[in-house]
Amino acid sequence: MNRDRTSAVAIILGAVAFVVTMALHPTGGDLDYILKIAPVVVGTHSLALASPVLVVLGFLGLTVRLSEDHVLAPAGMVTFAFGAIAAMCAAVLNGLALPSFVLQHAQSDAATLEVIR
């Protein structure tokens, strides 16, 4: 496969992974709900961490292709990469750190749980 086709496949797979992530993404809730669905949250957000990597790799190939004619292509790539990093940070905090925190404090006393809430 040549670079253009590989880049296109990476963009398409990343976009499909984003759609699957959002289709499976759980919504809000209290600590008990988060505790109950922690495996789903971790799995969904793990997929959310892989999706931007695929898309960034695909857009990197597109940037190489476009940079021959357009001087702003690398600037667009850098801007997109910053957005992808921000999305990945959100996935780590909300999908991996929060369930771990809730699981760690699930057996805490009532006063501690009230402070967490």
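The values are calculated or read from the model by the stated rules, or taken from the named source; none is laboratory data. Note that the structure is predicted; figures quoted are calculated from it, not measured. Quick reminder, even Gly has a Cβ in these numbers, built from the backbone with ideal geometry, and neighbours come from all protein chains shown. Areas reflect the complete protein model, heavy atoms only, side chains present, ligands, DNA and RNA absent. Shrake-Rupley method; radii C 1.70, N 1.55, O 1.52, S 1.80 Å.
Per residue, the chain exposes 65 Å² of solvent-accessible protein surface, assessed with a 1.4 angstrom probe and all protein chains in place.
Out of the total accessible area of the chain (probe 1.4 Å, heavy atoms of protein only), what percent is carbon and sulfur? Taking all protein chains in place, the chain shows 71 percent carbon and sulfur surface. Remark: the chain carries a charge dipole of roughly 300 debye about the Cα centre, counting +1 on each Lys and Arg Cβ and -1 on each Asp and Glu Cβ. When only Cα pairs below 8 angstrom with a gap of at least 6 residues are kept, the chain shows a relative contact order of 35 percent. The orientation-averaged shadow of the Cα convex hull for the chain, equal to a quarter of the hull surface, comes to 8.5 nm².
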